[in-house]
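A.B. asks: Quick one: structure below, then a few questions.
The values are calculated or read from the model by the stated rules, or taken from the named source; none is laboratory data. Computed from a predicted model, the values in this text were never measured in an experiment. Note: ideal-geometry Cβ built from the backbone for every residue, glycine included; neighbour counts use all protein chains shown.
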């Protein structure tokens, strides 16, 4: 009897052990996150903690003239916290969340450029960097923009391999003949860029050759020699251009306004040479860049003189740049040469016999008056004022070309 009870107890013990084992095996086990999952969580958190924002320079106004003019400009050394294109218009501001942080940036401006894909490493945690990737612009599209239109700009950012963050903004593309000569930077100061007018000086325009032939046919000069002659030869060459433009009936036109409404960007409409020739009209900038284009073609060095609300031309009388003259081009239309007899004709001979001016003589008088007024305006500004007021500028076209400011081919 005792043996039976003992066996029963043993069997019960085995049953209890088996039951306890089954209960233990059914309890859920806590899984430890994998290394990969921990890394992804860390990157997600890093992305959420990263402070960044897109930047569209110039008050979201895109000027094709500036993009084309600076396409070959020599890049200057930028700040250590500035990465990419020194003349970039689209970028981001980002505060690095860690040392040696990898940032992948894509900017899409489909209408005027191919997508820009850029990778940068931000060295120091807590430092704010600006990244402006170089864009491959569609220059053939930009040069043909004659009316403003809106564009979408998409910014895509990845921080240290984390999730993709996307932001879209809208901007406006301005016409090619709008010249942004100053703009207020988002940090406060106004950036004067009178050198942009140098882009409208186009010494390579095919129309100039025809104009030079017309000038020779007037008899004022028989050839163009640049600085190979005397100072008087230089003045005569400049006058011959003045003379032939007067014969074409050029008039002053004050049209400068644009449809761009911004308190931070200052721009002016500038006629291309072809537009000025077609309409025989020019404002102060139009006339100055027109003369500058032709004079550079014949080998003379020129500069634009910028004063608040005005522009006129300067040119050197010698290759050493020791002596200069100034020309107020808005006076081009003050004399109607049709009222005078042509030189070498009976009417011209009669005019001279009666003590009246011929066309060339009347033209030279107006040219002399324009040089006098130009000199007066140049001297009206004291050296101290010119140094302290950034609106007074002298834009040397040769220096602009050396810097990389390209003429707009239109």
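A.B. asks: Would you point out which residue out of 274, 262 is touching a strand residue (DSSP E or B) at 6+ places or on another chain (Cβ under 7 Å) and in the same structural domain as residue 337 (by TED's automatic domain parsing)?
C.D. replies: Details: 274 fails: touching a strand residue (DSSP E or B) at 6+ places or on another chain (Cβ under 7 Å).
The match here is 262.
A.B. asks: Taking residue 234 and the conditions (1) crowded, with 21+ Cβ neighbours inside 10 Å; (2) assigned to a loop (DSSP other than H, G, I, E, B), which numbered condition does it fall short on, given that it satisfies the others?
C.D. replies: Among (1) crowded, with 21+ Cβ neighbours inside 10 Å; (2) assigned to a loop (DSSP other than H, G, I, E, B), the lone unmet condition for residue 234 is (2).
Each row is one residue, and each column tells you yes or no for (1) over 20 Å from residue 65 (Cβ atoms); (2) within 20 Å of the chain's Cα centre (by Cα); (3) part of a loop (DSSP other than H, G, I, E, B).
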position	(1), (2), (3)
263	yes, yes, yes
268	no, yes, no
275	no, no, no
278	no, no, no
285	no, yes, no
295	yes, no, no
306	no, yes, no
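A.B. asks: Mind checking which residues of the range 125-138 are more than 15 Å from the chain's Cα centre (by Cα), free of Cβ contacts under 8 Å to residues at least 40 places away in the same chain and on the phi < 0 side of the Ramachandran plot?
C.D. replies: Listed by number, the list holds a single entry, 125.
A.B. asks: Taking into account only those residues within the range 84-124 that are closer than 20 Å to residue 139 by Cα and in contact (Cβ under 8 Å) with a residue 60 or more places away in the chain, which is farthest from the chain's Cα centre (by Cα)?
C.D. replies: Among those that are closer than 20 Å to residue 139 by Cα and in contact (Cβ under 8 Å) with a residue 60 or more places away in the chain, it is 111.
A.B. asks: I would also like to ask the following. Give the residues of the range 121-132 that are assigned to a strand (DSSP E or B) and either closer than 16 Å to residue 51 by Cα or in contact with a helix residue (DSSP H, G or I) (Cβ under 9 Å, 6 or more places away or on another chain) (or both), sorted by residue number. Before the answer, list the steps.
C.D. replies: Let us first name the residues in the range 121-132 that are assigned to a strand (DSSP E or B), namely 121-122, 128-132.
Within the range 121-132, 121, 122, 128, 129, 130, 131 qualify.
A.B. asks: Restricting to strands (runs of 3 or more DSSP E) lying wholly in the range 1-113: which have 3 or more residues that are more than 30 Å from residue 197 (Cβ to Cβ) and at pLDDT 85 or above? Explain how you work it out, then say what you get.
C.D. replies: Details: elements: 51-56, 82-84, 90-95, 101-108.
Fully inside the range 1-113 and qualifying: 51-56, 90-95, 101-108.
A.B. asks: Hey, another quick one. Give the number of residues within the range 160-184 that are in contact with a strand residue (DSSP E or B) (Cβ under 6 Å, 6 or more places away or on another chain) and within 30 Å of residue 45 (Cβ to Cβ).
C.D. replies: 7
A.B. asks: Follow-up question, since we're still on this one. If you go through the range 363-397 one residue at a time, how many are outside any loop (DSSP other than H, G, I, E, B), over 25 Å from residue 340 (Cα atoms) and in contact with a helix residue (DSSP H, G or I) (Cβ under 7 Å, 6 or more places away or on another chain)?
C.D. replies: So the count comes out to 3.
A.B. asks: Taking residue 291 as the residue in question, decide whether it is closer than 24 Å to residue 362 by Cα, at pLDDT 95 or above, in contact with a strand residue (DSSP E or B) (Cβ under 7 Å, 6 or more places away or on another chain) and not in a helix (DSSP H, G or I).
C.D. replies: On the way: closer than 24 Å to residue 362 by Cα: yes; at pLDDT 95 or above: yes; in contact with a strand residue (DSSP E or B) (Cβ under 7 Å, 6 or more places away or on another chain): yes; not in a helix (DSSP H, G or I): no.
Against the criterion (closer than 24 Å to residue 362 by Cα, at pLDDT 95 or above, in contact with a strand residue (DSSP E or B) (Cβ under 7 Å, 6 or more places away or on another chain) and not in a helix (DSSP H, G or I)), residue 291 does not qualify.
A.B. asks: Within the range 139-208, considering only strands (runs of 3 or more DSSP E) that don't extend past its boundaries, which have at least 3 residues that are over 16 Å from the mean Cα position of the chain (by Cα) and either assigned by TED's automatic domain parsing to the domain that holds residue 308 or surrounded by 21 or more Cβ atoms within 10 Å (Cβ to Cβ) (or both)?
C.D. replies: On the way: elements: 149-159, 165-173, 178-184, 190-192.
The qualifying strands (runs of 3 or more DSSP E) are 149-159.
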